[in-house]
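Peer 1: The structure's right below; bear with me while I get my questions together.
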Amino acid sequence: MNKKFYITTPIYYVNASPHIGHTYTTVAADILARYHRMIGDKTFFLTGTDEHGARIEEVAKKAGKEPQEFTDEIAASFQFAWDELNISNDRFIRTSEEGHKKVVQKALQKMYDNGDIYLGKHEGLYCKGCEQYKNEKDLVEGKCPDHKTVPEKMSEESYMFKLSKYKDELLKKIKKDEFKILPVEKKNEVISFYENEGLNDISFSRKNVKWGVKLPWDESHTAYVWSDAFLNYLTGIGWKGEIPPTPFSKGGNMEFWPADAHLMSKDILRVHATIWPAMLLSLGLDLPKTLFIHGYFMIDGQKMSKSVGNVITPNDLVKKYGVDGARYLVASAAVFGNDGDIGWGKFDEKYNADLANGIGNLLARSIALTEKLREAAVELQNKGENFQFSIFNFQTIFNDQILISKNWVDYNVLLDLIQIDKALEIIKLQVKFLDNYITATKPWELIKNKDEKSGGVMYNILERIRHIALMVYPFMPDTAEKIWESLGLNVQEEMSKKFDEAIKWGGLPVDTKVKKGEALFPRLEK
Ligand code: MSP
């Protein structure tokens, strides 16, 4: 523990506003960043927008705007969405920032100087949607399968990057997990791509795209948009000191490199497993530790698209389920690493089952029960009965250390392995466990029978809820805070506790005063 942790999302294209696909990656990254901060790791979380290139130039033109004006608006819509979702990124990077452009120029100059970039000619079929050259065999009926458009034939003078030079070294590192690709099926796909198709040198500049970073040694070319985009991962932490200092990286401080995890979906795996690490080798930098490839969402069996009219935006989710409801539903929508079929029907059902009837109901029920028991105890004492139960002074604190430790080990292991949905299952199990515990121990009968165990039973319930709140924190930070408040705890104190201390049994003071709050997750009515 207490390591450094650097996590990134892809920087999103600004041709359209954010949707649930971008939200998925960003919320997942946020959960991991919050988790690592919680366990005491020095954490840096970077997200942002990818703003240059032919496609953005074209979309801006269609909208009748200058590219900068256009990208300013869309970048703001991403920032707004992430603020609304309580995303805790340490920096939001935009590739149109001056500092980033300087980093791109410095990096490409270095690669040019060391002979990895040379002037050549490139011919091929270019898909603007992908911002990539396509092979004939990747096309379906002559069209890009992702964008359903016919790629343009291009033949132009271009600076080329010697990607082929790095094939053997990269393949070796991928096989040995020195550059880890997860899940393992995705690693195998990449290996077979390397083995069957190999790596060819690739065009790294464009003559006829003006909206981009000028090559420092030949200003008639702009940098290939992917080379520009990848470098955000370095600019963002202050490489070459070209950005204003962040809380942790003061001018050029590379303490966060290499990245611990680049999150993304399969659409951009291949470029991340070939061009990006080759650029790093060329620059003499370490490779990222892990690429984690999560699944792709379909909406009720269909690809999400404007023309189908099934696009789900982060704001749609927040309006319906609240910030934490939205975060939960997205994070639990699929096994992390597998494709998922999502939709409003499934979200509604899950919201009611896991949140309204699950954790929300458990908290409300437990607080109400505690208050009832306290009243009953006061009543008994008023009657002059010598009864020891008191919420202020639990008599029999049942020690649940062993059980809870095991739950914490599972939770930590799963989050270290980036198994986000499975870590959520641990929380769900705890909620179920407590619901059953309450039903089985029947605290209301214990008090009726003046059973002195009632204080201990109630302590067990509330203390376990304290643990649940801590587990919930990375996923639903506001909910965790509301739970702590209901338990009579001080949010700041809970958050500043050392993790090892916080996960010990018995952290809830025996004289705590519980408080009834608003329902955590009001039930959705049909
Ligand atoms: N700009 C490039 C990335 C450059 S990173 C150096 C790009 N942008 S993008 O806007 O198209 O974002 C793609 C990423 O958004 C996916 O890899 C994934 O993280 C997320 N998703 C977009 N649509 C998605 C789904 N339908 N489902 C799940 N994630 C999706 O590519």
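The values are calculated or read from the model by the stated rules, or taken from the named source; none is laboratory data. Everything numeric in this text was worked out from a predicted model, so none of it was measured. Using ideal geometry, Cβ is built from the backbone for each residue, glycine included, and neighbour counts are taken over all protein chains shown.
Peer 1: Being out of contact with any Leu (no Cβ under 9 Å at 6 or more places or on another chain) and either free of Cβ contacts under 8 Å to residues at least 40 places away in the same chain or hydrophobic (A, V, I, L, M, F, W, C) (or both) narrows it down to one of 363, 373, 355, 369, so name that one. Can you show your working first?
Peer 2: Details: 363 fails: out of contact with any Leu (no Cβ under 9 Å at 6 or more places or on another chain); 373 fails: out of contact with any Leu (no Cβ under 9 Å at 6 or more places or on another chain); 355 fails: out of contact with any Leu (no Cβ under 9 Å at 6 or more places or on another chain).
Selected residue: 369, the only one of 363, 373, 355, 369 that is out of contact with any Leu (no Cβ under 9 Å at 6 or more places or on another chain) and either free of Cβ contacts under 8 Å to residues at least 40 places away in the same chain or hydrophobic (A, V, I, L, M, F, W, C) (or both).
Peer 1: Restricting to region 122-136, and then to whatever is part of a loop (DSSP other than H, G, I, E, B), of a type outside the set (A, V, I, L, M, F, W, C) and closer than 15 Å to residue 13 by Cα, can you tell me which residue is farthest from the ligand (Cβ to nearest atom)? Reasoning before the result, please.
Peer 2: Filtering region 122-136 down to residues part of a loop (DSSP other than H, G, I, E, B) leaves 128-131, 135.
Narrowing further to those that are of a type outside the set (A, V, I, L, M, F, W, C): 128-129, 131, 135.
Filter once more, so that each one left must be closer than 15 Å to residue 13 by Cα: 128-129, 131.
Values: 128: 13, 129: 9, 131: 8 Å.
It comes out as 128.
Peer 1: Under 7 Å by Cβ, and 6 or more places apart or on different chains, what pairs join a residue from region 56-79 that is modelled with pLDDT of 95 or more with one that is exposed (fewer than 14 other Cβ atoms within 10 Å of the Cβ) and charged (D, E, K, R)?
Peer 2: 60/66
Peer 1: Which one is surrounded by the most Cβ atoms within 10 Å (Cβ to Cβ), of the residues in region 1-36 that are closer than 19 Å to residue 294 by Cα, small (Gly, Ala, Ser) and within 14 Å of the ligand (Cβ to nearest atom)?
Peer 2: The residue in question is 29.
Peer 1: Ok, one more. Of everything in region 263-304, what is surrounded by fewer than 20 Cβ atoms within 10 Å (Cβ to Cβ) and among the small types (Gly, Ala, Ser)? Give them in sequence order.
Peer 2: 265, 284, 295, 301
Peer 1: Turning to a different aspect of this structure: Looking at (1) outside any helix (DSSP H, G or I); (2) among the charged types (D, E, K, R); (3) over 30 Å from residue 526 (Cα atoms); (4) within 14 Å of the ligand (Cβ to nearest atom), which is the only condition residue 306 fails?
Peer 2: (3)
Peer 1: For region 9-66, which residues satisfy the criterion of being touching a Gly at 6+ places or on another chain (Cβ under 6 Å) and of a type in the set (A, V, I, L, M)? Don't jump to the end; show me each part of the working.
Peer 2: As a first pass, look at region 9-66 and keep what is touching a Gly at 6+ places or on another chain (Cβ under 6 Å): 11, 46, 52.
Selection gives 11, 46.
Peer 1: Being under 26 Å from the mean Cα position of the chain (by Cα) and β-branched (Val, Ile, Thr) is the filter here, so list the residues in region 92-124 that pass it.
Peer 2: Across region 92-124, the qualifying residues are 93, 95, 103, 104.
Peer 1: Among the helices (runs of 4 or more DSSP H) confined wholly to region 451-500, which include 1 or more residues that are closer than 19 Å to residue 520 by Cα and touching a residue at least 40 places away in the same chain (Cβ under 8 Å)? First the steps, then the outcome.
Peer 2: Details: elements: 453-472, 477-486, 491-496.
Here the list reads 453-472, 477-486.
Peer 1: It is to be established whether one or more residues within region 46-64 are away from the ligand (no atom under 15 Å from the Cβ), part of a strand (DSSP E or B) and of a type outside the set (Ser, Thr, Tyr).
Peer 2: no
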